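The values are calculated or read from the model by the stated rules, or taken from the named source; none is laboratory data. From a predicted model like this one, the values you see are computed outputs, not experimental measurements. Heads up, the Cβs are rebuilt from the backbone with ideal geometry, glycines too, and the neighbour counts pull from every protein chain shown. Just the protein is used for accessible areas: all its heavy atoms, side chains included, with ligands, DNA and RNA removed. Shrake-Rupley method; radii C 1.70, N 1.55, O 1.52, S 1.80 Å.
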Amino acid sequence: MGKNRKKVQIIILIAVFLIGGYAIGSTLFGKEDTGQIEVGMEPPAFTLADLGGNPQSLSDYEGQPVIINFWGTFCEPCVKEMPEFERQYEKWKDDGLVILAINLSEDTLSVNNFVKRFNLSYPILRDVNRKTERKYGLRQYPTTFFVKPDGKLMEVVVGGMSEEQIDVRVERLLQS
């Protein structure tokens, strides 16, 4: 019985090394679909449901300046900048500005209450399975992507912004 036990232990040890080596190798050298989107690239396509359950795709807004903002109700900088985005949306929507605010898979009640509290009128989309978040390579909230009308990324801002900071970027976005 002792010989078999030693063989089983050796097999288990080899399996642990193989699996561990694969995991480390995949992390260091593997290509993941996490985006790492850079200025000048086209952001990954997505289709997500809005709060009414209607599908919204990034491609629906081809030829328009688009702001994609990933946010959560739990995130203080997000809470501060969402009303500022609303004011910017009201100011620039007649010039074609689109804001797509992608919520990070929170429950429907929390998101709906937040939207009502701040009277947000731009599309709020739900990334229920967080696939879009992973495609965009998010590491912090809020993260905002400014997409030019030609579909190329103008800028990525990680962290909260003031209304003035948003306004400056929107003006540049509309001029491109």
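Only one entry in LEU109, LEU51, LEU97 is touching a helix residue (DSSP H, G or I) at 6+ places or on another chain (Cβ under 8 Å) and open to solvent by 40 Å² or more (accessible area, probe 1.4 Å), namely LEU51.
Out of curiosity, is PRO77 open to solvent by less than 30 Å² (accessible area, probe 1.4 Å) and farther than 20 Å from GLN56 by Cα? Criteria not met by PRO77.
Which numbered condition in (1) surrounded by fewer than 17 Cβ atoms within 10 Å (Cβ to Cβ); (2) under 21 Å from MET41 (Cα atoms) is the only one that ILE102 fails? Of everything listed in (1) surrounded by fewer than 17 Cβ atoms within 10 Å (Cβ to Cβ); (2) under 21 Å from MET41 (Cα atoms), ILE102 misses just condition (1). Of the residues making up the stretch 67-84, those that are assigned to a helix (DSSP H, G or I) and out of contact with any Leu (no Cβ under 7 Å at 6 or more places or on another chain) number 8.
Of all the residues in the stretch 138-176, those that are in a loop (DSSP other than H, G, I, E, B) and either open to solvent by less than 50 Å² (accessible area, probe 1.4 Å) or acidic (Asp, Glu) (or both) number 9.
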